[in-house]
Amino acid sequence: MKQQSRIRRSTVEALVFLTVLIAVFSLLGWRMGSGNMLKTIMNTAHDLLLNTVFYLMGITVLTGALSKLMSEFGVVTLLERFLRPLMKPLYNLPGVAALGAVMTFLSDNPAIIALSKDRTFSAYFKKYQLISLTNFGTAFGMGFVVMITMIGYGHLTGALVGLFGAFCGSIISTRLMQRSCLRAYPELDSPVQEQMAEEIEDRHVEESKKDGIFMRFLNAILDGGKNGVELGLQIIPGVLIITTAVIMITFGAGPSGVYDGSSSQGVPILPWLAEKIHWVFEWLFGFEHMELIAFPMTSLGAVGASLGLLPTFNAAGILDGNAIAVFTASGMCWSGFLSTHTAMLDSLGYRKVISKAIAAHAIAGLCAGIIAHFMYLLVSLL
């Protein structure tokens with residue numbers, strides 16, 4: 001009886017999956033042309049591999065080396081000592097987690113994974129806290145680039161208000177992630193170092209036999225860089241598969257208006273859905289022009305791509321201080337989390353919490369944009 005039930009369930013799952021798969025590809029193929037659709041998928045994946053994955057690998061190599069240096073020369077311990085009073089009440093994280101925020105702000109989301117993989121760094125965390133670093137670090141991803149770009153359009157106040165909104169969003173995302181993980185998996189409320197007791201002991205033995213400063217420096221950057229290369233390889237499947245899927249349902253035919261199989265083309269299903277509830281965005285974000293919805297929707301997949309929309313908005317005269325505030329908050333907080341969360345949690349070995357991380361961050365990004373909108377209204381009255 002149980003076997004027949006399993007067979008029926010697997011048959012239903014297979015039929016539902018095939019139905020959804022055929023429906024999605026039929027829709028894309030009908031709008032784009034089947035040949036153009038397949039060419040776009042391949043070209044987009046190839047473009048992501050060359051221009052995104054290798055870029056992210058460069059980030060993980062550099063930040064891996066830097067994080068190893070931080071650990072080797074005591075910066076991690078110093079941050080833990082001085083920032084603990086701030087990080088614990090806000091994020092329920094050790095003070096050393098602030099280093100992750102700084103590194104992702106200056107680079108991109110995967111920088112937090114290079115830190116998480118460091119034995120000395122991760123020894124400060126419980127398991128659920130270490131997992132929540134994915135949400136914590138992503139909320140600051142590419143923050144420096146976003147801030148500089150927004151300020152460049154002459155809206156310093158809007159950019160600063162947006163930074164505050166992103167900061168609030170990071171707290172919401174991290175706390176929601178921790179709570180959902182503990183509720184579903186109570187066993188995660190245990191120190192990480194229990195898993196790596198032998199490694200930490202080996203670390204203490206190594207510290208007692210340290211070489212000179214130059215050799216410590218050299219070994220740290222080489223070992224950290226090597227870890228960065230491994231991490232860069234681990235994120236390839238997630239970036240190529242998830243990001244390609246997001247792009248295919250976010251972007252349109254491109255500047256030419258014709259589907260020709262080029263990369264980053266697709267059918268704008270997500271923006272179309274957003275148009276159906278435009279009144280929600282008008283009230284929550286203060287958007288008077290529905291074209292502005294494209295920025296937060298695109299930042300779900302890649303905030304860098306969202307920044308490319310700003311010149312068009314500016315030329316159309318619809319880019320104001322409120323839009324800059326909301327864009328900064330939601331863009332920085334989300335910063336392409338749909339395309340990186342899966343790969344980041346997979347590299348940490350916690351695939352089972354991917355859905356919880358994505359749900360928490362989706363809520364946090366919305367809250368960040370809403371906070372930025374109403375805070376900008378308040379600032380404008382002063």
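The values are calculated or read from the model by the stated rules, or taken from the named source; none is laboratory data. Source: prediction; values computed, not measured. FYI the Cβ positions are ideal-geometry reconstructions off the backbone, even for glycines, and counts take in every protein chain you see.
What residue, among those in the range 317-336 that are touching a residue at least 24 places away in the same chain (Cβ under 8 Å) and in a loop (DSSP other than H, G, I, E, B), is surrounded by the fewest Cβ atoms within 10 Å (Cβ to Cβ)?
Going residue by residue through the range 317-336, those that are touching a residue at least 24 places away in the same chain (Cβ under 8 Å) are 318-336.
Applying the additional criterion that residues be in a loop (DSSP other than H, G, I, E, B) yields 318-320, 335-336.
Working: 318: 15, 319: 24, 320: 18, 335: 30, 336: 27.
The qualifying residue surrounded by the fewest Cβ atoms within 10 Å (Cβ to Cβ) is 318.
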When you scan the range 32-53, how many residues do you find that are charged (D, E, K, R) and at pLDDT below 90? 1
Quick one: which helices (runs of 4 or more DSSP H) sit completely within the range 204-294 and have at least 3 residues that are over 22 Å from the mean Cα position of the chain (by Cα)? 213-234, 269-276, 278-285
Quick one: in the range 289-316, of everything that is crowded, with 18+ Cβ neighbours inside 10 Å and among the small types (Gly, Ala, Ser), which residue is modelled with the highest pLDDT? 299
Only one residue in 286, 254 is on the phi > 0 side of the Ramachandran plot and surrounded by 17 or more Cβ atoms within 10 Å (Cβ to Cβ), so which one is that? 286
Give the residues of the range 270-293 that are free of Cβ contacts under 8 Å to residues at least 24 places away in the same chain, of a type outside the set (D, E, K, R) and touching a helix residue (DSSP H, G or I) at 6+ places or on another chain (Cβ under 8 Å), sorted by residue number. 274, 278, 281, 290, 293
Please verify whether residue 56 is farther than 22 Å from residue 240 by Cα and touching a helix residue (DSSP H, G or I) at 6+ places or on another chain (Cβ under 8 Å), treating the condition exactly as stated. no
Subset of the range 298-316 [under 24 Å from residue 46 (Cβ atoms) and touching a residue at least 24 places away in the same chain (Cβ under 8 Å)]: 298, 299, 300, 301, 302, 303, 304, 305, 306, 307
Considering only the range 54-104, state which residues are among the basic types (Lys, Arg) and modelled with pLDDT of 80 or more. 88
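Would you check which residues across the range 138-189 are in a helix (DSSP H, G or I) and charged (D, E, K, R) and list them?
Start the filter on the range 138-189 by keeping residues that are in a helix (DSSP H, G or I), which leaves 138, 143-151, 156-184, 186-188.
Within the range 138-189, 175, 179, 183, 187 meet the criteria.
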Note: among 28, 90, 69, just one is surrounded by 21 or more Cβ atoms within 10 Å (Cβ to Cβ) and either part of a helix (DSSP H, G or I) or free of Cβ contacts under 8 Å to residues at least 12 places away in the same chain (or both), namely 28
Quickly run through the range 117-152 and pick out the residues that are of a type in the set (A, V, I, L, M) and either in contact with a helix residue (DSSP H, G or I) (Cβ under 7 Å, 6 or more places away or on another chain) or over 16 Å from residue 303 (Cβ atoms) (or both). 123, 130, 131, 133, 139, 142, 146, 147, 150, 151
Look at residue 306 and say whether it is under 15 Å from the mean Cα position of the chain (by Cα) and either in the same structural domain as residue 232 (by TED's automatic domain parsing) or aliphatic (A, V, I, L, M) (or both). yes
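So which of 105, 144, 140 is assigned by TED's automatic domain parsing to the domain that holds residue 340, surrounded by fewer than 20 Cβ atoms within 10 Å (Cβ to Cβ), aromatic (Phe, Trp, Tyr) and under 30 Å from residue 311 (Cβ atoms)? Give the steps one after another, and end with the answer.
On the way: 105 fails: surrounded by fewer than 20 Cβ atoms within 10 Å (Cβ to Cβ); 140 fails: surrounded by fewer than 20 Cβ atoms within 10 Å (Cβ to Cβ).
So the residue among 105, 144, 140 that is assigned by TED's automatic domain parsing to the domain that holds residue 340, surrounded by fewer than 20 Cβ atoms within 10 Å (Cβ to Cβ), aromatic (Phe, Trp, Tyr) and under 30 Å from residue 311 (Cβ atoms) is 144.
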Go through (1) over 23 Å from residue 139 (Cα atoms); (2) out of contact with any helix residue (DSSP H, G or I) (no Cβ under 8 Å at 6 or more places or on another chain); (3) assigned by TED's automatic domain parsing to the domain that holds residue 175 for residue 81 and report which single condition fails. (2)
Checked the range 151-172 for anything within 15 Å of residue 334 (Cβ to Cβ) and surrounded by 24 or more Cβ atoms within 10 Å (Cβ to Cβ); matches are 162, 165, 166, 169, 170
Filter the range 108-127 for residues that are surrounded by 24 or more Cβ atoms within 10 Å (Cβ to Cβ) and not polar (S, T, N, Q) and give the result. 108, 110, 111, 112, 113, 114, 115, 121
